[in-house]
1. Among 212, 140, 336, which one shows the highest mean-square fluctuation when the chain is modelled as a Gaussian network with alpha-carbon springs under 10 Å?
2. Between residue 293 and residue 373, what length in nm is gained on full extension when 0.36 nm per residue of separation is reduced by their alpha carbon distance?
3. Distances over 26 Å make up what percent of all Cα-Cα pairs in the stretch 80-224?
4. Once both axes come from the Cα atoms, what is the angle between helix 97-109 and the longest principal axis of the chain, in degrees from 0 to 90, rounded to 10?
5. What do you get for the angle between helix 203-234 and the principal long axis of the chain? Use alpha-carbon atoms, 0 to 90 degrees, nearest ten.
6. For Cα pairs less than 8 Å apart in space and 6+ apart in sequence, what is the mean separation divided by the residue count of the chain, i.e. the relative contact order in percent?
7. Need one number: % antiparallel among DSSP beta bridges in the chain, to the nearest 5.
8. Using a Gaussian network model of the chain whose springs link C-alpha atoms within less than 10 Å, name the residue from 152, 229, 295 with the highest mean-square fluctuation.
Ligand code: NAD
């Protein structure tokens, strides 16, 4: 098939590369000239395991092309995939400007019957708006062309995006015509060979499915964090409780790890957008409001744990931080817990020494340059460098090299043997035996 993907971010690039890998001819379009220049030179602008190789192979094979010019990319495509951003607006709703701009561009350039696939995460009813915008542009050109708008939300996880795209749990397809159903079956059948993963439904059903899935995951996380905070006060180890409830097949083990709050480019904004939809449709959501409030509070926990040891004044203190990305496997720091913690520490007068295996460049973009100039935040070359002269170590992101560290080295390098484990990676008893003052999320200290 000839496919045009519009928006070459995490979702668009992975989508374009994976469809090209299956033998399709793909044009990836983006308004970001720098990004397209980088991709044309064979490099990729994000860290995503396995992606660079697929992009390179398919670019060299002539199946994957990058351009800033949508008009040239639109000459003969069977499908147009919208994969632009839907950032959070000031009131929490999804900002649809990028999606509607693309719809306008498509309407201005469409010359043959095509299926327009919306892969961006968008509120219920957006497909209707996209259809109206395209129809308006076609009418202005005195063109009467048939076209379909399909909702095909994306469920990939950053850090495992290629694997998720290639082997999805399900492919949600909101369609309204037999023609669109046929085209979508052709497009996706190769990802559905092991068993049927294509789930056809109404367009609005598909739009809500994406938000409901994300909100359910957020709910599991906030619920578990609430249990963890309760467990801490009761002298209960939440890790035993986690395993105890996870073994119930109705609950399951995934997404019930207590921690320092969820972040990333999707979950926080999508939960808020769904809350806004609830307000708009006259059904203010109660659970989601609590989920969001719990998450905000959870992001404060690491700083609170430090103040329990050092008081509120941090001048003269240095805190080591392992992990800046919002989760392992990605360089994405959007809404990461590390941002909340570091901003709180700097405001309280502390110096921060931080290390992350891949998010160091991102970190430079997320903090004011004064943090680095004034020496408030130092990005260290190695995980152990971060510990030099630090009063405590805080584990924020559970990258693999942090999971079984050299505790003797940690103890030697830290001024005080204090470890705040924001992802419950370490054994409290073992650390206590080794002389550490350990605090996890919802765990008893090990003393
Ligand atoms: P992103 O910000 O990484 O990429 C969006 C891209 O669209 C940018 O490169 C931007 O320059 C480009 N763009 C903006 N306007 C454009 C236009 N008019 N024409 C062409 N390109 C344009 O975003 P993302 O993380 O890839 O997310 C895209 C959508 O997918 C969002 O709705 C998001 O919620 C959803 N989503 C994201 C993930 C994820 O893990 N990142 C997972 C599932 C769904």
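Just so it is clear, none of the values below were taken in a lab; they were calculated from the coordinates. Remember, it's a predicted structure, so these values are computed and weren't measured experimentally. As a convention, Cβ positions derive from the backbone with ideal geometry for all residues, glycine included, and neighbour counts pool all protein chains shown.
1. So, out of 212, 140, 336, the one fluctuating most is 140.
2. 25.4 nm
3. Within the stretch 80-224, distances greater than 26 Å cover 27 percent of Cα pairs.
4. 20 degrees
5. 10 degrees
6. Computed over the chain, the figure is 12 percent.
7. Among the beta bridges of the chain, antiparallel pairing accounts for roughly 5 percent.
8. Of the options given, 229 has the highest mean-square fluctuation.
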